[in-house]
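First the structure, in the form of structure tokens, and then the observations on it.
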Amino acid sequence: MKKKKFLLILASFLTVSLLHAIPDQMAIKVEGPAFEKRTFTNGAVIFTNRIYTMENIPTEFAGFEFLASDGKITNEGTITPSVNGLIYIIAPTGGVAGWSLVPNSEFYYTDGTQTKASIYQKTATANTPVAIPSVTSFAGATPLAKVIHYANDTISVKGNLIDILAANGENYVFPQNTTFKFPLTIPSCLAGKKYATSLVEYNGVTQVSANQACDIVVATHYNTVNVPGWVYTGDYFAISSVRNYYVYKYQYTTPGAWIDIPQRKTSGTVAPTLVFCDNLTWVNPRTLPGTVITKSLDPKNVYITNPSITILPDGDYLAACTGALRFSGGNAGVTFFLSSDKGKTWQVQSANNGKMSYQNLFVHNGVLYVIGTDGVQGNIIIRKSMDKGVTWTYPTSSSDDGFLLAGQYHSAPVPLVVNDGRIWRGFETNFDGENKKVLVMSAPVNSDLMKASSWTFSNQLSYQTSWISGGGKSFKQWLEGNVVVNRDGKVVNMLRIDEEVYGGVAAMVRVNSSANISFDYTKDIINFPGGGKKFAIRYDPVSDYYWTLSNAEFDEDRTKTHSGIYSGGMPCGLLRNRLVLMYSYDLRNWIIKDTIISSDNPFFHGFQYVDWQFENNDIVAVSRTAFEDTDGLPVRQHDANFFTFHRIENFRINLPNSIIKLPNESANIIKSYKGKIEVFTSNLINIDITIYDYSGKAIYSRFNSTNKIIYTDNWQQGLYLVRANLNGKLYTQKIFIYN
């Protein structure tokens, strides 16, 4: 085996008893570039060359840090405490010579056989080096400590919108810009290092700091710099043969202090200064909204997709996504996460378990299922789990084990709904070169959902691009249908309409029977803020409203540009930097109640494909989130690097709640149109009509009249209750007046 050298020096410690009730809270200093510092927690990846996650770790060590390394190479080095205390390592279960086992510390990692590992401890004397034990098995031995500091150079940077990339020949230099590339050969002092940059028109890094004395290296577009202390090295390189970048060094001798770096001039060509180092960290990114369930291990190449959440019968949350816990080229599948503390912490139930796309979790008749396709253009399949997502069935081509429909289909993590004795879900076809066609599938509620014979599939509806036209608008496609039961008790399929100019419309497809759906483009294209992006609609019987979370378009974002891939502006379908909570009484007229998450950066921030559930007075949600962190920026807002959990507390607060509890006795007698309300009865019948506003106050009355029309042009927008007394029979209907 190859040997890796590193030196570990104990910086501080807290003494604990050998009974190990509480571990030493020591910090260690590490030398050697071949390691990655990671947090010791369930779901953490234990090696740098394998996607094996740790599970069932001892809780007293949760949150400690460890050094991940290539399991094929033996770790070697020393640990030196500054005072007397206990030091720890992670090693394979079975014993390590000269080290004692920490009681009850065994855990495992998910290599297919659940290989066991444990934590070992050793009493160390101040200033006396202790050798890292040589363990020749694949897992090796690696240090574990409360805090790990690298002894090799780590440069911290401050600035706005910083990305950290790899300096390799012919890579693009700036994020979201395909104009400027590194040359095939760059100066040897820069090759293979990381560098901090920004959008080409931004200042990028403004200050740097280091953890120890070192030479700090930058490259700037100017051959004379405006900050003292920086010395030209004589090296330079050209990006795309049009701009020279000159390499400067600064002899840094004040660890922890911040110094200014050379900046672009106030006039002339725009270009940020680049900062180079083996280890870079951005110290002032914005705070990520929500709770992180997981982050992509390879965020520039593998993205988080298909977020879904369900609440299990025992109250635990189960969430799922694709793109987690894998590197580019690795096995793809669905990763399932469990939370038993209302979303505060999450553990991996099963990683990359079975290839799926567009999947959503749901519980039906007490059984946990996930339904979707077996690929991006795949067959429709369903799977189930009897152990809270640890193990799952996976279909073959048999029609009895979850293989439901052969073909090429598309969808998203969208709700299912139960109505009229059946369970319903929407899909679309997904053939190259063909418009997506909408379909709905359903099965009897008490049937075996794993059998294809239980499911009925409707006819398929295509679309016409001419359904929306004028002003540059077009009906580009419809997709990601969401079934829901309307006020008439009928299932409708609410679909995203991809229209890139305006972006605020959706389609309502009518489900006439399990075998037949229809669409009238003259009536059923509705205004829907954020309708150009995926949404999920659910009905709340408490408030008697329909609710959704949507990426509504804000006018201030529509005109934002930069000189890279968005030089022509932002397509509405990619405006995903704001998430709003909306409600509707009739599925046609939608009100934005609250802005839940808001960022002014539509280029890199996205809170998208949100799936959610009601839980008492709250909404719990998961998001495919693109956001910055200490490692830099996501590729773009569409390409999520995080899977996040969110809670919207008391979402019904400030709703008009004095009339929402009143029943609807007829949805057919009383109708609302633009500018008027009409009661449909025989002209020979006298009626009494009373209309109440949202507070319950009677604002309109008409008695013993044959006039059945009330004009509402001048009424305030909002929710009203209409009561009509027809010869002693009382009808009520809630209506929404839009001006």
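Tabulated data
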quantity: Residues of the stretch 55-69 classified as without any contact (Cβ under 8 Å) to a residue 60 or more places away in the chain and under 18 Å from Leu325 (Cα atoms), total; calculated: 2
quantity: Identity of the residue in the stretch 508-528, in contact (Cβ under 8 Å) with a residue 24 or more places away in the chain and part of a loop (DSSP other than H, G, I, E, B), that ends up nearest to Pro444 (Cα to Cα); calculated: Ser514
quantity: Test: residue in the stretch 535-553 that is basic (Lys, Arg) and over 23 Å from Val418 (Cα atoms); calculated: no
quantity: Residue in the stretch 96-111 that is modelled with pLDDT under 85, surrounded by 17 or more Cβ atoms within 10 Å (Cβ to Cβ) and of a type in the set (S, T, N, Q) present; calculated: no
quantity: Hits in the stretch 600-642 (condition: in a loop (DSSP other than H, G, I, E, B) and closer than 19 Å to Phe535 by Cα); calculated: Pro602, His605, Gln637, His638, Asp639, Ala640
quantity: Matching entry among Gly433, Gly389, Gly375 (being under 22 Å from the mean Cα position of the chain (by Cα), modelled with pLDDT under 95 and of a type outside the set (Lys, Arg)); calculated: Gly375
quantity: Count - residues of the stretch 540-582 that are more than 19 Å from Val501 (Cα to Cα) and touching a Lys or Arg at 6+ places or on another chain (Cβ under 9 Å); calculated: 11
quantity: Matching residues, the stretch 331-357, being closer than 17 Å to Trp612 by Cβ and in a strand (DSSP E or B); calculated: Phe337, Ser339
quantity: Of all residues making up the stretch 199-212, the number that are under 18 Å from Cys189 (Cβ atoms) and modelled with pLDDT under 95; calculated: 1
quantity: Residue that is surrounded by the fewest Cβ atoms within 10 Å (Cβ to Cβ), among those in the stretch 505-527 that are under 32 Å from the mean Cα position of the chain (by Cα) and under 20 Å from Val418 (Cβ atoms); calculated: Arg510
quantity: Val363 vs. criteria part of a strand (DSSP E or B) and either surrounded by fewer than 16 Cβ atoms within 10 Å (Cβ to Cβ) or assigned by the TED database to the domain that holds Ala62 (or both); calculated: yes
quantity: Those residues of the stretch 422-456 which are surrounded by fewer than 17 Cβ atoms within 10 Å (Cβ to Cβ) and either of a type in the set (A, V, I, L, M, F, W, C) or touching a Pro at 6+ places or on another chain (Cβ under 6 Å) (or both), in sequence order; calculated: Phe431, Val445
quantity: Meets criteria (β-branched (Val, Ile, Thr), under 29 Å from the mean Cα position of the chain (by Cα) and more than 20 Å from Arg422 (Cβ to Cβ)) for Val492; calculated: no
quantity: Hey, Tyr88 outside any loop (DSSP other than H, G, I, E, B), among the aromatic types (Phe, Trp, Tyr) and more than 32 Å from the chain's Cα centre (by Cα) or not; calculated: yes
quantity: Filtered residues of the stretch 468-504 (kept if aromatic (Phe, Trp, Tyr) and surrounded by 24 or more Cβ atoms within 10 Å (Cβ to Cβ)); calculated: Trp478
quantity: Test: residue in the stretch 299-311 that is of a type outside the set (Lys, Arg) and under 24 Å from Ile155 (Cα atoms); calculated: yes
quantity: Considering residues of the stretch 313-353 that are among the small types (Gly, Ala, Ser) and at pLDDT below 95 only, the residue farthest from Ala62 (Cα to Cα); calculated: Gly329
quantity: Wholly enclosed strands (runs of 3 or more DSSP E) of the stretch 184-283 bearing at least 3 residues over 26 Å from Ser567 (Cβ atoms) and aliphatic (A, V, I, L, M); calculated: 214-220
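The values are calculated or read from the model by the stated rules, or taken from the named source; none is laboratory data. The model shown is predicted, which means the values in this text are computed figures rather than measured ones. Methodologically, a virtual Cβ is constructed for each residue, glycine included, from the backbone with ideal geometry; neighbour enumeration extends over all protein chains shown.
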